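Student: Here it is: the structure, laid out below.
The values are calculated or read from the model by the stated rules, or taken from the named source; none is laboratory data. Predicted, not measured: the structure shown is a model, and the values here were computed from it. Glycine gets a Cβ as well: all are built from the backbone with ideal geometry, and neighbour counts include every protein chain shown.
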Amino acid sequence: MRINKYLSGCGIDSRRKCEKLVTDGRVRINGKAVTELATDVKDGDYVEVDGKPVALSNRKIYIMLNKPKGCVCTVNDEKGRKTVLDFVKVKERIFPVGRLDYDTEGLLLLTNDGELANTITHPKNMVKKVYSVRVEGMPTESELKRLRTGIEYNGVKYSAAQVSVLESSDKETKLEIVVTEGKNHEIKNMIESLGRRVMFLKRTAIEGLRLGGLSRGEWRYLSVREVEQLKALR
Ligand code: URA
């Protein structure tokens, strides 16, 4: 098994982040540092990250957290900020699936299943992420159309799969925006490209999986049915 896939299956981090661990020289196999992404892990190999042994976990864990504002979606934060793992105490190593910004709240998945994490975050699968967004002022019809048909901001193209206005006043507007691309700061950049500001951002669903009544900072295991629904996205 490829080294990044193996490390992700151990619950270390997403495959992409695990690639960085390898190229940064933090991974050893049988005592020897490996930096080649094409390295395979074989049965019986002894694998370490930062000098600590890691192993594939037999039990796959699937957790939904209602991420509050004021924490980062990383396993460790170099600036010592609170991370989403401070809210979820389980004995298995798990990592966040994709990311929400420091000041964004809502539905975040955590797992040690690198395969499923990859399915959910890979742009080719066009997995729907639903956001509740409060925007300054009242976007015009032509602005909403631009969000739907596609816009370019700082050289990156964005488009929303769906945009609905839920409530509106001169002061602020509540939108529901569905995106399938998973680009960094996707919603904020789309709104900023209109010359407006996001005042509040919350992810409420990923495909059919809804945050429901989970309070801020609370988490729960996904049901078998919910996991099966996510796996069916492959
Ligand atoms: N889009 C953003 O701008 N931020 C998030 O946290 C998620 C989507």
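Student: May I ask you to list the residues in segment 165-181 that are at pLDDT below 95 and within 16 Å of the ligand (Cβ to nearest atom)?
Tutor: Passing the criteria: only Glu181.
Student: Name every residue in segment 85-101 that is within 10 Å of the chain's Cα centre (by Cα) and more than 16 Å from the ligand (Cβ to nearest atom), in order of residue number. Before the answer, list the steps.
Tutor: Of the residues in segment 85-101, the ones within 10 Å of the chain's Cα centre (by Cα) are 95-101.
The answer is Phe95, and nothing else.
Student: For segment 121-164, give me the residue count where each residue is assigned to a loop (DSSP other than H, G, I, E, B), aliphatic (A, V, I, L, M), free of Cβ contacts under 8 Å to residues at least 40 places away in the same chain and more than 15 Å from the ligand (Cβ to nearest atom). First the steps, then the outcome.
Tutor: Pass one, segment 121-164, residues assigned to a loop (DSSP other than H, G, I, E, B): 122, 126-128, 137-140, 150, 154-155, 159-161.
Next cut, aliphatic (A, V, I, L, M) only: 126-127, 138, 160-161.
The next check asks that each one be free of Cβ contacts under 8 Å to residues at least 40 places away in the same chain; those that pass are 138, 160-161.
Checking which are more than 15 Å from the ligand (Cβ to nearest atom) leaves us with 138.
Residues flagged as assigned to a loop (DSSP other than H, G, I, E, B), aliphatic (A, V, I, L, M), free of Cβ contacts under 8 Å to residues at least 40 places away in the same chain and more than 15 Å from the ligand (Cβ to nearest atom) within segment 121-164 amount to 1.
Student: Being within 27 Å of the chain's Cα centre (by Cα) and among the small types (Gly, Ala, Ser) is the filter here; which residues of segment 156-174 pass it?
Tutor: Ser159, Ala160, Ala161, Ser164
Student: Just checking, how many residues over segment 191-234 are farther than 15 Å from Val133 by Cβ and without any contact (Cβ under 8 Å) to a residue 40 or more places away in the chain?
Tutor: 10
Student: Which of the residues belonging to segment 72-85 are closer than 15 Å to Phe95 by Cβ and at pLDDT 95 or above?
Tutor: Within segment 72-85, the subset closer than 15 Å to Phe95 by Cβ is 72-77, 83-85.
Listed by number, the residues that qualify are Val72, Cys73, Thr83, Val84, Leu85.
Student: In addition: Hey, Asn184 hits all of (1) surrounded by fewer than 16 Cβ atoms within 10 Å (Cβ to Cβ); (2) more than 14 Å from the ligand (Cβ to nearest atom); (3) assigned to a loop (DSSP other than H, G, I, E, B); (4) not charged (D, E, K, R) but one; which does it fall short on?
Tutor: (2)
Student: Given the criteria modelled with pLDDT of 95 or more and more than 22 Å from Leu110 (Cβ to Cβ), does Lys69 qualify?
Tutor: Working: modelled with pLDDT of 95 or more: yes; more than 22 Å from Leu110 (Cβ to Cβ): no.
For Lys69, the condition - modelled with pLDDT of 95 or more and more than 22 Å from Leu110 (Cβ to Cβ) - is not met.
Student: Further question: Under the condition of being surrounded by fewer than 17 Cβ atoms within 10 Å (Cβ to Cβ) and of a type in the set (Ser, Thr, Tyr), which residue from segment 1-38 is farthest from Thr119 (Cα to Cα)?
Tutor: Taking the candidates together, the pick is Thr35.
Student: Further question: Surrounded by fewer than 21 Cβ atoms within 10 Å (Cβ to Cβ) and in contact with a helix residue (DSSP H, G or I) (Cβ under 6 Å, 6 or more places away or on another chain): does that describe Thr74?
Tutor: Numbers: surrounded by fewer than 21 Cβ atoms within 10 Å (Cβ to Cβ): yes; in contact with a helix residue (DSSP H, G or I) (Cβ under 6 Å, 6 or more places away or on another chain): no.
It is false that Thr74 is surrounded by fewer than 21 Cβ atoms within 10 Å (Cβ to Cβ) and in contact with a helix residue (DSSP H, G or I) (Cβ under 6 Å, 6 or more places away or on another chain).
Student: Pairs only if they're at least six apart or on different chains, beta carbon under 7 angstrom, first in segment 95-111 and on the phi > 0 side of the Ramachandran plot, second of a type in the set (Lys, Arg) and near the ligand (Cβ under 8 Å from one of its atoms); list them, first residue then second.
Tutor: Cβ pairs passing all conditions: Gly106/Arg203.
Student: Further, regarding this structure: Here's a check for you: in segment 102-120, which residue that is within 18 Å of Val198 (Cβ to Cβ) and among the hydroxyl-bearing types (Ser, Thr, Tyr) is nearest to the ligand (Cβ to nearest atom)?
Tutor: Out of the qualifying residues, it is Thr104.
Student: Sticking with this one: Only one of these is surrounded by 16 or more Cβ atoms within 10 Å (Cβ to Cβ) and out of contact with any Leu (no Cβ under 7 Å at 6 or more places or on another chain): Leu175, Leu214, Leu194. Name it.
Tutor: Details: Leu175 fails: out of contact with any Leu (no Cβ under 7 Å at 6 or more places or on another chain); Leu214 fails: surrounded by 16 or more Cβ atoms within 10 Å (Cβ to Cβ).
Of Leu175, Leu214, Leu194, the one residue that is surrounded by 16 or more Cβ atoms within 10 Å (Cβ to Cβ) and out of contact with any Leu (no Cβ under 7 Å at 6 or more places or on another chain) is Leu194.
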